[in-house]
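Read through the structure below, which is laid out as structure tokens, and then see the notes.
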Amino acid sequence: MSQDFSREKRLLTPRHFKAVFDSPTGKVPGKNLLLLARNNDLDHPRLGLVIGKKSVKLSVERNRLKRLMRESFRHHQDNLVGWDIVIVARKGLGDVESPELIQHFGKLWKRLARSRPAPEAKTETAGVDSTDA
């Protein structure tokens, strides 16, 4: 998988965000943030960021956080295939130093990758119905 962060790897519409908020299949709380995730049945993950002015006052800090989050996601996306992920920032996240934040995100991505439910066993019965037996 390419390590880019192209348009197809972003949650773009309110409908995409709403789907993750309404029924997340994975939740990973972190220091001053929350990761919400939902299966997307695609061969790549998608990322959405929610960093409000209430939680991080200065635009410079909000932009720094978004850059770090996107970069961290870009490097770990191979382990996150099949997830739609929304990161919700909370108060105090802007005060965390960049190296600490990068390390923290590495741990969060690993926890999210481990929380993936086991894939359902698909058995091909070649058109045989179990009620026929």
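Here the condition is being closer than 17 Å to Leu108 by Cα and not basic (Lys, Arg); of Leu35, Leu42, it holds for Leu35 alone. In region 96-121, the residue that is modelled with the lowest pLDDT out of those that are assigned to a loop (DSSP other than H, G, I, E, B) and of a type outside the set (Lys, Arg) is Ala121.
When we screen Leu34, Leu93, Leu49, Leu65 for residues that are surrounded by fewer than 17 Cβ atoms within 10 Å (Cβ to Cβ), among the hydrophobic types (A, V, I, L, M, F, W, C), touching a strand residue (DSSP E or B) at 6+ places or on another chain (Cβ under 7 Å) and modelled with pLDDT of 90 or more, the only hit is Leu34.
Within region 64-95, track down each residue that is of a type in the set (D, E, K, R), in a helix (DSSP H, G or I) and more than 14 Å from Ile51 (Cα to Cα).
Glu71, Arg74, Asp78
Among the residues of region 68-90, those identified as touching a helix residue (DSSP H, G or I) at 6+ places or on another chain (Cβ under 8 Å), open to solvent by less than 70 Å² (accessible area, probe 1.4 Å) and of a type outside the set (Phe, Trp, Tyr) are Leu68, Met69, Ser72, His76, Gln77, Leu80, Asp84, Ile85, Val86, Ile87, Ala89.
Could we say that Ser55 is among the hydroxyl-bearing types (Ser, Thr, Tyr) and in a loop (DSSP other than H, G, I, E, B) here?
Values: among the hydroxyl-bearing types (Ser, Thr, Tyr): yes; in a loop (DSSP other than H, G, I, E, B): yes.
Yes: the conditions hold for Ser55.
Restricting attention to region 1-31 and to residues that are part of a strand (DSSP E or B) and of a type in the set (D, E, K, R), the residue that is most open to solvent (accessible area, probe 1.4 Å) turns out to be Lys27. Assess whether Leu47 counts as being in a strand (DSSP E or B) and touching an Asp or Glu at 6+ places or on another chain (Cβ under 9 Å). For Leu47, the condition - in a strand (DSSP E or B) and touching an Asp or Glu at 6+ places or on another chain (Cβ under 9 Å) - is met.
The values are calculated or read from the model by the stated rules, or taken from the named source; none is laboratory data. If you're wondering where the values come from, they're calculated on a predicted model, not measured in any experiment. Cβ coordinates were reconstructed from backbone atoms using ideal geometry, including for glycine residues, and neighbour counts include every protein chain displayed. These area figures cover heavy atoms from the full protein model, side chains too; ligands, DNA and RNA do not enter into them. Shrake-Rupley method; radii C 1.70, N 1.55, O 1.52, S 1.80 Å.
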